[in-house]
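The values are calculated or read from the model by the stated rules, or taken from the named source; none is laboratory data. Keep in mind that what you see is a predicted model, and the values were worked out from it rather than measured. Heads up, the Cβs are rebuilt from the backbone with ideal geometry, glycines too, and the neighbour counts pull from every protein chain shown. Note: accessible area is taken over every heavy atom of the protein model, side chains too, but ligands, DNA and RNA are not part of it. Shrake-Rupley method; radii C 1.70, N 1.55, O 1.52, S 1.80 Å.
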Amino acid sequence: MSIVILVPGFWLQADSWDDTLPPLLEAGHEVVSLTLPGLESVETDRAGIGLGEHIAAVVAEIDRHDEPVVLVGHSGGGTVIHAAVDQRADRVARAVYVDSGPLPHGARTNPHLPAEGADLPLPPWDLFRQDGAKDLDGLDDAALHEFRHRAVPHPAAAASDEQLLSDDRRYDVPVTIVSCTFTREEIGEAVAAGVDYFAELPRLRDLTVVELPTGHWPQFSRPDDLGRAIAGAIG
């Protein structure tokens, strides 16, 4: 059994993981789903909440447990868990990135998304369809409606703050990438081309890529398969 900490991506709360839980619970794992600071409700004041506060929330959850944990981060949650690994490399048994990756030092998660003061609302769907993007694959109109209904503005600073890393022991922590909108081959091509987003991957000492072809939100489009992929990564 492992303690699995699930960290949602932008605009989502802890309950976004609900439909992925059965395979993890059936495997005997203890699961903790987090709602990050500033995402408690639409009415929450997000001023003063940035990436550092999100990282601190995950680190605090790691510290609540006596044994090493498995961190799972979806999308922008991948940035958060990678920084938490950097701060607690000796307390993380594995990091699982769901259609995301370990953002390198100095990079920013989503600095170009349009903000409204301290809030970063869920953009119009057309933004996720640009240039043939696969982000919305697997989501019908009803699913998109439900997603927008449950979406909470993200703290804008968390999207634009720099990732700050300092401990090379993070490269010793085993990593699984559950890749949904890009293939294993495309990841390899990006690494070879020196794409900054993938700059950490060649330094990882234990990396596994699992393909789960669907859109960017597999917890909605293929939740049971995602749960099984996470459970399989834990082993």
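For the stretch 111-235, with every protein chain kept in place, what is the accessible area per residue (1.4 Å probe, Å²)?
52
In the chain, what percent of the accessible surface is made up of carbon and sulfur (1.4 Å probe, ligands and nucleic acids excluded)?
That fraction is 48 percent.
Take the Cα pairs of the stretch 1-120, get the Kirkwood Rh, then feed it into Stokes-Einstein at 25 °C and 0.890 mPa s and tell me D in µm²/s.
It comes out at roughly 166 µm²/s.
To the nearest 20 debye, what is the magnitude of the charge dipole of the stretch 96-235 about its Cα centre, counting +1 on the Cβ of each Lys and Arg and -1 on the Cβ of each Asp and Glu?
For the stretch 96-235, the charge dipole is close to 280 debye.
Just for the Cα atoms in the chain, what are the lengths along the principal axes, largest first, rounded to whole Å?
Reported extents, whole Å, longest axis first: 40, 39, 36.
Please list 29-42, 179-192 highest first by mean number of surrounding beta-carbon atoms within 10 Å per residue.
29-42, 179-192
Return the long-range amide H neighbours of Val98 (sequence gap of 5 or more, or a different chain), with a cut-off of under 5 Å between placed amide H atoms.
Long-range HN contacts for Val98: Gly73, His74, Ser75, Val178.
Around Ala159, under 15 Å between beta carbons, what's the net of Lys plus Arg minus Asp minus Glu among the other residues?
-3
In Å, what Kirkwood hydrodynamic radius results for the stretch 117-179 from the alpha-carbon pair distances?
Evaluated on the stretch 117-179, it is 15.2 Å.
Once Lys and Arg get +1 and Asp and Glu get -1 on their Cβ, which of Gly73, Val58, Leu103 lies farthest toward the positive end of the dipole of the chain?
It is Leu103.
Take the Cα radius of gyration of the stretch 31-101 and divide it by 2.2 N^0.38 Å, with N its residue count; two decimals is plenty.
Ratio of Cα Rg to 2.2 N^0.38 Å: 1.09.
When the helix-only estimate is applied to the chain (DSSP H runs of n ≥ 4, each -39,500 (n - 2.57), divided by the residue count), what is the mean residue ellipticity at 222 nm, nearest 500 deg cm²/dmol?
When only DSSP H runs of four or more count, the value is -8500 deg cm²/dmol.
Specify whether the C-alpha gyration tensor of the stretch 134-213 places it in the rounded, prolate or oblate class, a ≥ b ≥ c being the square roots of the eigenvalues: rounded for a/c under 1.5, otherwise prolate if a/b is larger than b/c and oblate if not.
The shape class here is oblate.
Roughly how many whole Å is it from the C-alpha centroid of the stretch 11-40 to that of the stretch 157-235?
Between the Cα centre of the stretch 11-40 and that of the stretch 157-235, the gap is 18 Å.
Find the Cα radius of gyration of the stretch 101-235, compare it with 2.2 N^0.38 Å by division, and give the number to two decimals.
1.15
Test of understanding: what is the full-extension gain from Ala107 to Ala133, defined as 0.36 nm times their sequence separation minus their Cα-Cα distance?
Result for the pair: 7.2 nm of gain on full extension.
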